[in-house]
Amino acid sequence: MTTLVFGKSGQVALALGRKGAMCVGRETLDLAEPEPISELIAKVAPGAVINAAAYTAVDQAEDEEALATAINGTAPGHMASVCATRDIPFVHISTDYVFDGSGDRPWAPDTSTGPLGAYGRSKLAGEVAVRAAGGRAVILRTAAVFSADGANFVKTMLRLGAERDGLNVVSDQITGPTPADAIAAACLEIAGQLQDAEKAGTYHFSGQPSVSWADFARAIFRVSGQRVTVTDIPSSAYPTAAQRPSNSRLDCATLTDTFGITPPTWQPALERVVSKVLEARA
């Protein structure tokens with residue numbers, strides 16, 4: 001079965017490519033102009049489609065919401081519609097940013113959404129469009145993706161840790177760091193089980209246990225051996241154009257119950273990723 005992946009250079013797309021999926025990037029298709037999507041799906045005739053492409057510049061989206069919505073909202077809806085018409089399983093990757101980040105309880109998939117910024121609104125628009133298309137579709141929300149590829153928090157900390165003895169990192173934002181390889185494997189498993197249309201719906205998948213960004217940074221430096229002092233600071237001391245959710249804990253129970261997929265423990269993956277990054281720099 002050919003699995004067609006929209007996205008080629010992102011962390012999850014790269015992981016999917018290594019697992020044998022056919023990945024399509026910007027050089028083939030501009031998702032801001034989604035009309036050719038149907039032609040591509042018809043040409044490839046895949047057994048499943050995964051959307052791992054997204055506009056992810058969270059702060060920049062505040063000034064480019066129309067573009068973010070075209071890529072994160074309109075395009076996934078078109079993919080889902082084509083897949084529904086052709087009865088092709090479709091998996092769409094979404095984000096914890098569709099929630100407002102209040103409280104301290106893990107967000108269940110059926111909890112009311114309330115994005116804080118343009119990026120979250122654009123991703124929520126994609127979820128709405130995918131659901132409206134119907135068909136055998138799964139929306140998989142995840143958080144804090146990391147790998148040895150691309151740009152992510154782990155690689156940023158390792159770079160800064162090589163330059164500085166101390167760093168200030170926010171401690172009042174809690175998340176579940178999620179390995180890109182694990183997300184890719186989950187997407188493929190979900191797609192393979194979507195012969196059962198009753199499994200369509202919205203699910204959560206994030207690393208365990210939940211941790212603050214400051215404590216995640218400390219874990220990165222412990223693994224890397226870099227001697228860096230991490231000082232906890234509130235989000236208010238690190239202002240950004242877009243507000244980040246304080247609580248990004250995700251309840252993954254329904255994914256386990258429905259697909260038999262358990263959330264990954266992020267520590268072993270962190271060790272592998274740090275080792276790869278440091279080896280590449282040697």
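The values are calculated or read from the model by the stated rules, or taken from the named source; none is laboratory data. Everything quoted here is computed from the prediction, not taken from an experiment. Backbone-built Cβ (ideal geometry, glycine too); neighbour counts: all protein chains shown. Heavy atoms of the whole protein, side chains included, go into the accessibility calculation; ligands, DNA and RNA do not. Shrake-Rupley method; radii C 1.70, N 1.55, O 1.52, S 1.80 Å.
Among the residues of region 239-282, write down those that are acidic (Asp, Glu) and not in a helix (DSSP H, G or I). Hit for region 239-282 is Asp251, nothing else.
Condition check for Gly47 on (1) touching a Leu at 6+ places or on another chain (Cβ under 7 Å); (2) surrounded by fewer than 19 Cβ atoms within 10 Å (Cβ to Cβ): one failure, at (1). When region 39-57 is filtered for residues that are under 12 Å from Thr3 (Cα atoms) and over 22 Å from the mean Cα position of the chain (by Cα), the ones remaining, listed by number, are Ile41, Val44, Ala45, Pro46, Gly47.
Scanning region 216-256 for residues that are without any contact (Cβ under 8 Å) to a residue 12 or more places away in the chain, under 24 Å from Val273 (Cβ atoms) and either of a type in the set (Gly, Ala, Ser) or crowded, with 20+ Cβ neighbours inside 10 Å (or both) yields a single hit, Gly225. Working only within region 9-40, note down all residues that are free of Cβ contacts under 8 Å to residues at least 40 places away in the same chain, hydrophobic (A, V, I, L, M, F, W, C) and more than 21 Å from Thr85 (Cβ to Cβ). The answer is Cys23, and nothing else.
Evaluated against (1) in contact (Cβ under 8 Å) with a residue 40 or more places away in the chain; (2) buried (at least 16 other Cβ atoms within 10 Å of the Cβ); (3) within 18 Å of Pro89 (Cβ to Cβ), Ala54 falls short on exactly one condition, (3).
Would you confirm whether or not region 118-125 contains a residue that is polar (S, T, N, Q) and in contact with a Ser or Thr (Cβ under 6 Å, 6 or more places away or on another chain)? Full working, then the answer.
Of the residues in region 118-125, the ones polar (S, T, N, Q) are 122.
With the extra rule that they be in contact with a Ser or Thr (Cβ under 6 Å, 6 or more places away or on another chain), the set shrinks to 122.
Checking region 118-125: at least one residue is polar (S, T, N, Q) and in contact with a Ser or Thr (Cβ under 6 Å, 6 or more places away or on another chain).
Within region 74-93, the set of residues being surrounded by fewer than 24 Cβ atoms within 10 Å (Cβ to Cβ) and small (Gly, Ala, Ser) comprises Gly77, Ser81, Ala84. Evaluated against (1) open to solvent by less than 20 Å² (accessible area, probe 1.4 Å); (2) touching a residue at least 24 places away in the same chain (Cβ under 8 Å), Leu67 falls short on exactly one condition, (1).
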